[in-house]
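S.K.: Structure incoming, see below.
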Amino acid sequence: MLFELSQHAILFILFFTGFAAGTVDAIAGGGGLISLPMLLSVGVPPHIALGTNKFQAVFGTAIATHSYYRHGWLQKQDLIHGLLYSFFGAILGANASQFMNSDLLKKIIPILLFCVLIYTIFSPKLSEIDKQPKMNQKLFFILFGMLLGFYDGFLGPGVGSFWVFALIFFLGFSMTKATAYTKVFNLNTNFAALICFALGNHVDYQIGFCMAAGQIMGGKLGAQLAIKKGAKLIRPVFIVMVTITIVVLIYK
């Protein structure tokens, strides 16, 4: 830990970090870009930081998911295949990451995210309402559940952005609906990854619960704002977070 600050001061900072990350993540994803660097900056070892980040994020995502569900943005029957195959894909990805080289993927992902960014920027009326789907829904959830679940378990950055884009482009979802469904799949794959980190004793539960308290408040606030404002709020926040993700990945 960073000993220039007291333990209480660090926990106070991390609580508000969780709140900020939860709020942003509920609106447009990318909360990990706020929480993970802060964990590392206060001296948490990288492997513990990754596990703790997953732990605290699960709480905010769960609250956001519940808020979207309570307001009617989620249909249980639509989610079964996506949850099943994304969970299975995440487990495969987490195991594959232990012996496969991810260098090529790290170079490709910023390019793909840049394409998502350009598409979003130059689609000014992007999915204010649901449109005609371009793909069978069951096939979509099987294919993209496996693909994006694997990527989230293997590497992860920007997976929420890919989910939002895919749901809008292939299933014709509105931006708010796509964001709601993305929260469910993020929760699913985060939980799968958390199991692996917890079994490996790579979670600092004191820090995790402190940040989780902030995540719960932020997740609820972010979801309420997104539901109330819709694409007018989600779209600009989405563009900002995708841009930051691209910059961070290129920098790394």
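S.K.: Those residues that are free of Cβ contacts under 8 Å to residues at least 12 places away in the same chain and under 22 Å from Cys196 (Cα atoms), I need them from segment 128-155; list them, please.
M.R.: If the condition is that a residue be free of Cβ contacts under 8 Å to residues at least 12 places away in the same chain and under 22 Å from Cys196 (Cα atoms), then no residue fits.
S.K.: Taking Pro45, is it surrounded by fewer than 19 Cβ atoms within 10 Å (Cβ to Cβ), under 19 Å from the mean Cα position of the chain (by Cα) and at pLDDT below 95? Give the derivation first.
M.R.: Working: surrounded by fewer than 19 Cβ atoms within 10 Å (Cβ to Cβ): yes; under 19 Å from the mean Cα position of the chain (by Cα): no; at pLDDT below 95: yes.
No.
S.K.: Is it the case that some residue within segment 110-122 is in contact (Cβ under 8 Å) with a residue 40 or more places away in the chain and within 15 Å of the chain's Cα centre (by Cα)? Walk me through it before giving the result.
M.R.: Filtering segment 110-122 down to residues in contact (Cβ under 8 Å) with a residue 40 or more places away in the chain leaves 110, 112-114, 116-117, 119-121.
Add one more test, that the residue is within 15 Å of the chain's Cα centre (by Cα), and what stays is 113.
Yes, segment 110-122 contains a residue that is in contact (Cβ under 8 Å) with a residue 40 or more places away in the chain and within 15 Å of the chain's Cα centre (by Cα).
S.K.: Out of all the residues in segment 116-139, which are modelled with pLDDT of 85 or more and loosely packed, with under 13 Cβ neighbours inside 10 Å?
M.R.: Within segment 116-139, Ile118, Gln132, Lys134, Asn136, Lys138, Leu139 qualify.
S.K.: Looking at segment 67-75, can you tell me whether even one residue there is crowded, with 19+ Cβ neighbours inside 10 Å and under 13 Å from the mean Cα position of the chain (by Cα)?
M.R.: Of the residues in segment 67-75, the ones crowded, with 19+ Cβ neighbours inside 10 Å are 67-68, 73.
Checking the rest, the ones that are also under 13 Å from the mean Cα position of the chain (by Cα) come to none.
No; the residues of segment 67-75 include none that is crowded, with 19+ Cβ neighbours inside 10 Å and under 13 Å from the mean Cα position of the chain (by Cα).
S.K.: Do we find a residue being surrounded by 22 or more Cβ atoms within 10 Å (Cβ to Cβ), out of contact with any Pro (no Cβ under 9 Å at 6 or more places or on another chain) and of a type in the set (Lys, Arg) anywhere in segment 179-192?
M.R.: Yes: one or more hits.
S.K.: Also, I was wondering about something else. Can you name the condition, by its number, that Asn201 falls short on among (1) among the polar types (S, T, N, Q); (2) outside any helix (DSSP H, G or I); (3) surrounded by 24 or more Cβ atoms within 10 Å (Cβ to Cβ)?
M.R.: (3)
S.K.: Search segment 101-115 for residues being surrounded by 13 or more Cβ atoms within 10 Å (Cβ to Cβ) and not charged (D, E, K, R), and hand back the single one that is modelled with the lowest pLDDT.
M.R.: So in segment 101-115, the residues surrounded by 13 or more Cβ atoms within 10 Å (Cβ to Cβ) come out as 105-106, 109-110, 112-114.
Checking the rest, the ones that are also not charged (D, E, K, R) come to 105, 109-110, 112-114.
On the way: Leu105: 68, Ile109: 79, Pro110: 84, Leu112: 83, Leu113: 84, Phe114: 88.
Result: Leu105.
S.K.: Same structure, new question: Read through the list (1) surrounded by fewer than 19 Cβ atoms within 10 Å (Cβ to Cβ); (2) within 30 Å of Lys107 (Cα to Cα), then give the number of the only condition that Thr176 fails.
M.R.: For Thr176, the failing item is (1).
S.K.: Then there is this: Condition first: more than 27 Å from His71 (Cβ to Cβ) and in a helix (DSSP H, G or I). Can you find one or more residues in segment 164-186 that meet it? Write out each step before concluding.
M.R.: Step one: filter segment 164-186 for residues more than 27 Å from His71 (Cβ to Cβ), giving none.
No; the residues of segment 164-186 include none that is more than 27 Å from His71 (Cβ to Cβ) and in a helix (DSSP H, G or I).
S.K.: If only one of Leu194, Leu233, Leu221, Leu225 is more than 17 Å from Gly30 (Cα to Cα), part of a helix (DSSP H, G or I) and over 13 Å from the mean Cα position of the chain (by Cα), which one is it? Step through it out loud before you land on a result.
M.R.: Details: Leu233 fails: more than 17 Å from Gly30 (Cα to Cα); Leu221 fails: more than 17 Å from Gly30 (Cα to Cα); Leu225 fails: more than 17 Å from Gly30 (Cα to Cα).
One residue alone meets the criteria, Leu194.
S.K.: Let me ask another. Out of Ile195, Ile227, I need the residue that is crowded, with 18+ Cβ neighbours inside 10 Å and modelled with pLDDT under 95. Which one? Break it down into steps so the answer makes sense when it comes.
M.R.: Numbers: Ile195 fails: crowded, with 18+ Cβ neighbours inside 10 Å.
Result of the check over Ile195, Ile227: Ile227.
The values are calculated or read from the model by the stated rules, or taken from the named source; none is laboratory data. Treat the numbers as computed from the prediction; the structure is a model and nothing was measured. Note: ideal-geometry Cβ built from the backbone for every residue, glycine included; neighbour counts use all protein chains shown.
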